[in-house]
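Below: the structure, in structure tokens.
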Amino acid sequence: MFLDRVKITIKAGNGGNGAVSFYRSKLTMNGGPDGGDGGKGGSIIFVADEGMNTLYSFSFKKKFVATDGLKGDKKHKKGADGNDVLIKVPCGTVILDAESEKVVADLVENGQKFVALRGGAGGHGNEYFKTSTRQAPRFSQTGEVVKEKQVILELKSIADVGLVGYPNVGKSTLLSVISNATPKIANYHFTTIYPNLGMVAYKGNSFVAADIPGLIEGASEGVGLGHYFLKHVERVRVIVHLVDISGSEGRNPVEDYFSINSELEKYSPKLATVPQVVALTKTDLLTQDELEDKIKDFESKTKVKAIPICSIIHEGVDELLGKVWQVLEKTPKPAPIDVELTDFDTRDKQSFEIVKIDEETYEVKGGLVDNMIRGIVLSDPTSFAYFQNALKKFGIIQKLLDSGMKDGDTVVIKDISFTYEQ
Ligand SMILES: Nc1nc2c(ncn2[C@@H]2O[C@H](COP(=O)(O)OP(=O)(O)OP(=O)(O)O)[C@@H](O)[C@H]2O)c(=O)[nH]1
Ligand SMILES: [Mg+2]
């Protein structure tokens, strides 16, 4: 099974809670606060791995959860951080936010990483909240909670060379001869139903080639398998266009050539500009004279210099590879896809907004306050005092007053609400 689009769920670890603790010993009955900070949660990180060719492994495992940070402890002990989860994907994997379907990352190079969700911050222990006027804070901060999200992984294979042509022209046979791939080869159409990737070694260099399922007229509109797999040709640097010169299936090689090119062009004008090397296959099915006539006819009508090959006896294959390498050397490496990336992990801890709910109720929303209220206990006077100070310090009270808040009005922040008194 070939899998090139899959939706998975990811969740970074939550931060650990800060501890509330006071130093005690036989000699010191009332020591200062010594509650340590909670640990940071593990992050979810994608990494491109050239050892992978498909998204197949994601048909078994669709949920990835990083571990939470542990809670802080007495004696200033910080909680342990959660472990990151590293998710390996094939080079050429595009990551989309499942909700918006916007592209958030494009992993092209081997080893390239994308931190999709950062682990939640650990909460501060009560020691952190000690000041000259607040000697014994009885509160700590809870760890940041990270919501799970869904992403779509979409594979646009990164082969340097794509083998393209009508069904049965010998694409897979050629791939099996030039690379380490072992594709299925058989004498019927659409033997190949998903692209096979193979590593080609050529004179101390190497590149990746893929046989693309056979194209037929109408492929760009979805006839056959073509449309679906043309996306895998989008990023190839060179197209090897295979044409059955023997006409063994009763078609005309010149017409074949033009009709495949027209499908590529219809699918994407950019594809039509990818450099092509044309290989004329199954030369063994013609006599020498027939072959020479057909090549002459083909070249004069298409204005293309083609390379005759017979994969099964390796004839012409070296010359073909030489030509392919010549073109590859001049062609830049595949570029990342041409879209602007959208931010995915958009938690921000800076902003807030004020929403007037009715004449005497105001709600404050946003990353800044979400973060600030972690662990606030309104019934604890020191905790509440800290909270009020923070509201002042970050300009939230001022903004509420500017919005019309009066004495006695209610302020709501998430699941906390209190009455404002000057
Ligand atoms: N006589 C001859 N037969 C060949 C040659 N190359 C491939 N074939 C045969 O042609 C048939 C199709 O070969 P494949 O390599 O499967 O063709 P393909 O283009 O990958 O076909 P699809 O995957 O169906 O699109 C097989 O029976 C091969 O043995 C060749 O050079 N000469
Ligand atoms: Mg094939």
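Return a yes/no flag: does segment 167-176 have any residue that is under 24 Å from residue 262 (Cα atoms), under 26 Å from the mean Cα position of the chain (by Cα), in contact (Cβ under 8 Å) with a residue 12 or more places away in the chain and within 13 Å of ligand 2 (Cβ to nearest atom).
Taking every residue of segment 167-176 in turn, none turns out to be under 24 Å from residue 262 (Cα atoms), under 26 Å from the mean Cα position of the chain (by Cα), in contact (Cβ under 8 Å) with a residue 12 or more places away in the chain and within 13 Å of ligand 2 (Cβ to nearest atom).
Look through 185, 212 and report the one residue that is near ligand 1 (Cβ under 8 Å from one of its atoms) and either open to solvent by 30 Å² or more (accessible area, probe 1.4 Å) or touching a strand residue (DSSP E or B) at 6+ places or on another chain (Cβ under 8 Å) (or both). Write out each step before concluding.
Working: 212 fails: near ligand 1 (Cβ under 8 Å from one of its atoms).
Within the list 185, 212, the selection yields 185.
Could you say whether any residue in segment 133-156 is more than 16 Å from ligand 1 (Cβ to nearest atom) and without any contact (Cβ under 8 Å) to a residue 40 or more places away in the chain? Even if it seems obvious, please write down each step before you answer.
First pass over segment 133-156, keeping only residues more than 16 Å from ligand 1 (Cβ to nearest atom): 133-156.
Of the ones still in play, those that are also without any contact (Cβ under 8 Å) to a residue 40 or more places away in the chain are 133.
Among the residues of segment 133-156, at least one is more than 16 Å from ligand 1 (Cβ to nearest atom) and without any contact (Cβ under 8 Å) to a residue 40 or more places away in the chain, which makes the answer yes.
Could you check segment 369-385 and list, in sequence order, the residues that are surrounded by 19 or more Cβ atoms within 10 Å (Cβ to Cβ) and farther than 18 Å from residue 419 by Cβ?
Selection gives 372, 374, 375.
In a loop (DSSP other than H, G, I, E, B) and either within 16 Å of ligand 2 (Cβ to nearest atom) or within 20 Å of residue 242 (Cα to Cα) (or both): which single residue out of 186, 136 fits that description? Reasoning before the result, please.
Details: 136 fails: either within 16 Å of ligand 2 (Cβ to nearest atom) or within 20 Å of residue 242 (Cα to Cα) (or both).
Unique residue meeting the criteria: 186.
Restricting to segment 240-253, what's the tally of residues that are within 16 Å of ligand 2 (Cβ to nearest atom) and modelled with pLDDT under 95? So that I can check it myself, show each step before the final result.
Here is the first cut: in segment 240-253, the ones within 16 Å of ligand 2 (Cβ to nearest atom) are 240-244, 248-249.
Filter again for modelled with pLDDT under 95, leaving 248-249.
Summing the residues that are within 16 Å of ligand 2 (Cβ to nearest atom) and modelled with pLDDT under 95 in segment 240-253 gives 2.
Tell me which of these residue 207 doesn't satisfy, since it passes every other one: (1) away from ligand 2 (no atom under 15 Å from the Cβ); (2) under 22 Å from residue 332 (Cβ atoms); (3) open to solvent by less than 20 Å² (accessible area, probe 1.4 Å); (4) at pLDDT 95 or above.
The number of the failed condition is (4).
I'd like the full set of residues that are open to solvent by less than 50 Å² (accessible area, probe 1.4 Å), aliphatic (A, V, I, L, M) and free of Cβ contacts under 8 Å to residues at least 60 places away in the same chain, limited to segment 215-262. It would help to see each step written out before you state the result.
First, pick out the residues of segment 215-262 that are open to solvent by less than 50 Å² (accessible area, probe 1.4 Å): 215-216, 218-220, 222, 224, 226, 229-233, 235-247, 253-254, 256-257, 259-262.
Filter again for aliphatic (A, V, I, L, M), leaving 215-216, 219, 230, 233, 236, 238-240, 242-243, 245, 254, 260.
Answer for segment 215-262, where residues must be open to solvent by less than 50 Å² (accessible area, probe 1.4 Å), aliphatic (A, V, I, L, M) and free of Cβ contacts under 8 Å to residues at least 60 places away in the same chain: 215, 216, 219, 230, 254.
Looking at residue 142 and the list (1) in a strand (DSSP E or B); (2) open to solvent by 30 Å² or more (accessible area, probe 1.4 Å); (3) not hydrophobic (A, V, I, L, M, F, W, C), which single condition is not satisfied?
(1)
Would you kindly identify the strands (runs of 3 or more DSSP E) lying entirely within segment 346-417 that contain at least 3 residues that are charged (D, E, K, R)?
Values: elements: 353-358, 361-365, 410-413.
Because the criterion is at least 3 residues that are charged (D, E, K, R), the strands (runs of 3 or more DSSP E) in segment 346-417 that meet it are 353-358.
Being touching a Lys or Arg at 6+ places or on another chain (Cβ under 9 Å) and of a type in the set (S, T, N, Q) is the filter here, so list the residues in segment 141-175 that pass it.
Hits for segment 141-175 are 141, 142, 150, 157, 172.
Here are 296, 365, 305: which of them is more than 16 Å from ligand 2 (Cβ to nearest atom) and closer than 30 Å to residue 10 by Cα? Give the steps one after another, and end with the answer.
Values: 296 fails: closer than 30 Å to residue 10 by Cα; 305 fails: closer than 30 Å to residue 10 by Cα.
The match here is 365.
I'm trying to understand the selection: among the residues of segment 267-281, which are under 16 Å from residue 214 (Cα atoms) and open to solvent by 20 Å² or more (accessible area, probe 1.4 Å)?
Correct list: 267 only.
Can you tell me which residue within segment 196-209, out of those that are without any contact (Cβ under 8 Å) to a residue 40 or more places away in the chain and more than 10 Å from ligand 1 (Cβ to nearest atom), is farthest from the chain's Cα centre (by Cα)? Steps first, answer last, please.
Pass one, segment 196-209, residues without any contact (Cβ under 8 Å) to a residue 40 or more places away in the chain: 196, 198-199, 201, 204, 206.
Narrowing the set further to residues that are more than 10 Å from ligand 1 (Cβ to nearest atom) leaves 198-199, 201, 204, 206.
Details: 198: 23, 199: 24, 201: 29, 204: 32, 206: 26 Å.
Per the stated criteria, the residue is 204.
The values are calculated or read from the model by the stated rules, or taken from the named source; none is laboratory data. On a predicted model such as this, the values are computed, not experimentally measured, just so you know. Methodologically, a virtual Cβ is constructed for each residue, glycine included, from the backbone with ideal geometry; neighbour enumeration extends over all protein chains shown. To get the accessible areas, we keep the full protein, side chains included, count just its heavy atoms, and leave off ligands, DNA and RNA. Shrake-Rupley method; radii C 1.70, N 1.55, O 1.52, S 1.80 Å.
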